[in-house]
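Report on the structure given below.
The values are calculated or read from the model by the stated rules, or taken from the named source; none is laboratory data. Quantities reported herein were computed from a predicted structural model and do not represent experimental measurements. Here Cβ is always computed from backbone atoms with ideal geometry, including for glycine, and neighbour counts include all displayed protein chains.
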Amino acid sequence: MKKFNLPKKMRAVVTYGPGDYRLEELPVPSPKAGEVLIKVDHAGVCASDAKCFYGAKHFWGDETRDGYCQPPITAGHEFAGLVVALGDGAEEKHGVRVGDMVVAEQIIPCGRCRYCITGRYWMCLLHDIFGFRQSVPGSWAEFMILPAASRIYKLPDGMSGREAAVIEPLACSIHAVQRAEIQLGDVVVVAGAGTLGLGMLAAAKLRGPSLLISIDPREYRLRAAEKMGADLVLNPRKEDVVSKVRELTGGCGCDVYIDATGYADSVLPGLLMLRKLGTFVEYGVFAEPATIDWTIIGDMKELNIHGAHLAPYTFPLAIDYIHRGVIDVSNIVTHELPLEKYPEALKMVHEAKESIKVLLRP
Ligand SMILES: [Zn+2]
Ligand SMILES: [Zn+2]
């Protein structure tokens with residue numbers, strides 16, 4: 001077995017509060033029974049990381065509820081890394097060895113709650129996700145522990161870091177597409193052409209839609225959407241997207257609308273451009289609540305409203321699609337920055353002026 005000489009200290013970006021993240025020196029953790037220590041190769045900056053940094057209520061709470069984030073905690077839930085040490089029994093438990101490149105799912109299921117024991121671990125009551133919850137420090141660090149309950153996958157030989165970086169978001173996109181229950185020949189609209197929206201386009205394409213439409217206000221993202229398989233791209237700043245979709249569908253509307261924007265403004269247009277009995281999938285963390293007239297959902301259209309969260313059982317599929325080139329992810333990673341430039345990376349993701357997926361390299 002390979003041996004790595006590990007340093008005593010490592011750099012890590014620690015979340016203290018909205019706008020208050022600090023680059024700190026922390027001890028390199030050592031793996032306990034069933035745990036895996038990885039050297040982080042790269043860590044993705046998710047839109048949710050930017051929302052957390054910029055103070056979204058979901059993470060920090062308000063009068064009505066507690067926030068999801070538990071500071072102080074090392075940030076980051078997207079990553080791939082090299083296995084450098086294994087706790088007792090970890091090799092057998094996870095099927096990985098020192099020297100393997102691995103990824104792990106964002107959530108660490110408790111294994112005991114009603115959801116976990118019925119196989120719906122992604123809804124785990126405890127809901128520990130790397131980088132947000134106190135017990136599971138994240139990937140914006142040189143080293144990171146994958147706890148015994150982690151869902152770990154070894155990467156195929158020859159997969160590049162840039163490909164590996166897209167596994168987590170693509171797995172999420174695949175789940176959203178599964179929730180959309182797309183039928184052959186459906187007209188499908190994906191709102192938002194960031195990392196998740198682009199993955200959804202590629203996955204939706206595999207379901208054989210008759211027309212696959214991408215909506216995004218940023219032209220550079222629409223160009224990426226075309227590369228990911230969109231038949232048509234629409235810019236809501238330039239045209240009335242609801243009328244356009246109705247016009248393209250003989251006045252009926254689209255069969256499926258998947259929202260990957262995370263913006264409240266995209267909910268109503270989606271409900272309006274869907275046909276009656278259509279399906280709306282919501283995959284986003286909203287910075288602000290969406291206020292809409294629910295009459296559209298019941299009385300007017302009898303819509304199916306499907307939430308989608310995380311990436312249950314879809315990591316192996318995402319790895320396979322990327323590895324075999326079924327989905328080409330080469331256009332998704334646009335920037336790589338050293339770990340200490342995390343403020344710049346967060347700003348880049350927040351502003352979305354030219355970036356799609358931004359990576360940090362510890
Ligand atoms: Zn994410
Ligand atoms: Zn659970």
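Before moving on, here are some points about what is shown:
- Residues in the range 102-121 that are within 16 Å of ligand 1 (Cβ to nearest atom) and either modelled with pLDDT under 95 or touching a strand residue (DSSP E or B) at 6+ places or on another chain (Cβ under 6 Å) (or both): Val103, Ala104, Gln106, Ile107, Ile108.
- Residue that is farthest from the chain's Cα centre (by Cα), among those in the range 147-177 that are assigned to a helix (DSSP H, G or I) and more than 16 Å from ligand 1 (Cβ to nearest atom): Gly161
- Test result for Ala203, part of a helix (DSSP H, G or I), in contact with a helix residue (DSSP H, G or I) (Cβ under 6 Å, 6 or more places away or on another chain) and on the phi < 0 side of the Ramachandran plot: yes
- Only listed residue being in contact (Cβ under 8 Å) with a residue 12 or more places away in the chain and surrounded by fewer than 19 Cβ atoms within 10 Å (Cβ to Cβ), chosen from Ser160, Ser210, Ser214, Ser150: Ser210
- Reported count of residues in the range 30-83, each being without any contact (Cβ under 8 Å) to a residue 12 or more places away in the chain, in a loop (DSSP other than H, G, I, E, B) and of a type in the set (Gly, Ala, Ser), is 1.
- Exactly one residue out of Gly87, Gly95, Gly99, Gly76 is more than 16 Å from ligand 1 (Cβ to nearest atom), at pLDDT 95 or above, closer than 30 Å to Asn5 by Cα and crowded, with 18+ Cβ neighbours inside 10 Å, and it is Gly87.
- Among the residues of the range 85-135, those that are aliphatic (A, V, I, L, M) and either without any contact (Cβ under 8 Å) to a residue 24 or more places away in the chain or part of a loop (DSSP other than H, G, I, E, B) (or both) comprise Val96, Val98, Ile117, Leu125, Leu126.
- Hits in the range 267-294 (condition: of a type in the set (A, V, I, L, M) and either in contact with a Pro (Cβ under 9 Å, 6 or more places away or on another chain) or not in a loop (DSSP other than H, G, I, E, B) (or both)): Val267, Leu268, Leu271, Leu272, Met273, Leu274, Leu277, Val281
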